[in-house]
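S.K.: Please read through the structure below; I'll follow up with questions.
Throughout, read-outs are computed from the coordinates displayed, never taken from laboratory work. Here the structure is a predicted model, which means the values were calculated and not measured. Virtual Cβ from ideal backbone geometry, glycine too; neighbours counted across all protein chains shown.
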Amino acid sequence: MEKIQLTVGSEVTARIDKIVSESNNEWSRSQVQLWIKDGHVTVNGKVVKPNYKCNDGDLVEIMIPEPEQLDVKPEEMNLDIYYEDNDVIVVNKPRGMVVHPAPGHVSGTLVNGLMAHCKDLSGINGVMRPGIVHRIDKDTSGLLMVAKNDLAHESLVNQLVAKTVTRKYKAIVHGVIPHDHGTIEAPIGRDKKDRQSMAVTHENSKEAVTHFNVLDRYKDYSYIECQLETGRTHQIRVHMKYIGYPLAGDPKYGPKKSLPIEGQALHAGLLGFNHPRTNEYIEFEAPLPEEFLSLLQLLEKSR
């Protein structure tokens, strides 16, 4: 069990659940409230309620409980594998599939299918996310690289940190973008008003950079390609909303009225990286799924 200490400053007069959740953008407020109720968070050595208002100099101790060990089982799936050797797998994930298990969702994920496909996945991310180097959202389709051993995992993660991995996405957004290309450079962190969402913010955030090119324009919509320089949670979805062109179909960041698609119109179509053992640059491209193509055909008719 990991122990973390925080000292409340004189400028802070907020609730304990708010202070703790905002101290780490990986912790949701609801998760912190459960920790407080279970006695994992104390103030000056005493258990408090989630609505306790902190005072100047309060010592907050957080005992992060060990993650629940879930029984993640292999499941036979018809995976769309683009490349595989002894070190790495490149797989094309369909929209609607979750990448890895989580509490309350331990089956039907890409990890379940990968575990049935091969026995040698890297263990750096633990039993819940074996081999997973990066993620794409449930309703985003496209290419992912998966590590089959720890050497490959470390190499691929280092390439992501060094920003040498090529990741290009196709997307349909609301609005007609007047300029042909642009760069969005705006930090992303947890949304203060909704801890389940991300937002552009300068508090408890990380650098985020997205480049985009307009591929076509339609009535009320634009078809774009985005290239990630960083890989923050929901980065393209948050950045496009930030500049006023939210993704079509996005249930979290887009308008209620949109194109007929369940979830955001976003496809991770191109992935390139240096092979972790040979250092040779390799690149893969996955075509747009049928549902995405149908939207473009619908937009073409509305010109």
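S.K.: For the chain, what does the equivalent ellipsoid look like in terms of its semi-axes, each the square root of 5 times an eigenvalue of the Cα gyration tensor, given largest first in whole Å? Show your work: numbers first, answer last.
M.R.: Working: eigenvalues 247, 142, 63 Å².
Largest first, the chain gives 35, 27, 18 Å.
S.K.: Let me ask something else. Given charges of +1 on the Cβ of Lys and Arg and -1 on the Cβ of Asp and Glu, with all other atoms neutral, how large is the dipole of the chain about its Cα centre, in debye to the nearest 20?
M.R.: So the magnitude is around 1060 debye.
S.K.: Tell me, Phe273, Phe284, Phe212 in order of fewest to most beta-carbon neighbours within 10 Å? Before the final figure, lay out the partial values.
M.R.: Details: Phe273 22, Phe284 17, Phe212 25.
Lowest count first: Phe284, Phe273, Phe212.
S.K.: Treating only the Cβ atoms of Lys and Arg (+1) and Asp and Glu (-1) as charged, compute the dipole magnitude of segment 239-303 about its Cα centre; round to the nearest 20 debye. Write out the running numbers ahead of the final one.
M.R.: On the way: 7 positive and 8 negative charges, 89 e Å.
Using Cβ point charges on Lys, Arg, Asp and Glu, segment 239-303 gives about 420 debye.
S.K.: While we're looking at this one, here's another question. State whether segment 154-198 is rounded, prolate or oblate according to the following rule on the C-alpha gyration tensor (a ≥ b ≥ c being the square roots of its eigenvalues): a/c under 1.5 gives rounded; otherwise a/b larger than b/c gives prolate, and the remaining case gives oblate.
M.R.: On the way: a/c = 2.37, a/b = 1.18, b/c = 2.02.
In terms of gyration-tensor shape, oblate.
S.K.: What residues of segment 197-216 lie in the reach of a label at Glu283, counting those whose backbone N is under 17 Å from a point 7 Å from the Cα along Cα→Cβ?
M.R.: Answer for segment 197-216: 211-213.
S.K.: Charges on Cβ only, +1 for Lys and Arg, -1 for Asp and Glu, centred on the Cα centroid of segment 253-303; of Phe273, Leu293, Tyr253, which one is farthest towards the dipole's positive end?
M.R.: Tyr253
S.K.: Could you give the C-alpha radius of gyration of segment 67-162 expressed as a fraction of 2.2 N^0.38 Å, taking N as the number of residues it contains? Don't skip to the end; give the middle numbers.
M.R.: On the way: Rg = 12.4 Å, N = 96, 2.2 N^0.38 = 12.5 Å.
Compactness ratio reported: 0.99.
S.K.: Using 0.36 nm per residue, how much length does the chain from Ser23 to Asn213 gain when fully extended, once their Cα-Cα distance is taken away? Before the final figure, lay out the partial values.
M.R.: Working: separation 190, 0.36 × 190 = 68.40 nm, distance 3.56 nm.
That pair, Ser23 and Asn213, stretches by 64.8 nm at full extension.
S.K.: Here's another thing I want to ask about it. Which of Asn213, Val72, Pro94 sits farthest toward the positive end of the charge dipole of the chain, with +1 on the Cβ of Lys and Arg and -1 on the Cβ of Asp and Glu?
M.R.: Asn213
S.K.: Sticking with this one: Considering only Cα-Cα distances, which of the following residue pairs are longer than 28 Å: Lys3/Lys241; Lys49/Lys252; Lys3/Lys49; Lys37/Lys256; Lys193/Lys219; Lys18/Lys46? The partial results should precede the final answer.
M.R.: On the way: Lys3/Lys241 37 Å; Lys49/Lys252 30 Å; Lys3/Lys49 19 Å; Lys37/Lys256 35 Å; Lys193/Lys219 33 Å; Lys18/Lys46 18 Å.
Correct reply: Lys3/Lys241; Lys49/Lys252; Lys37/Lys256; Lys193/Lys219.
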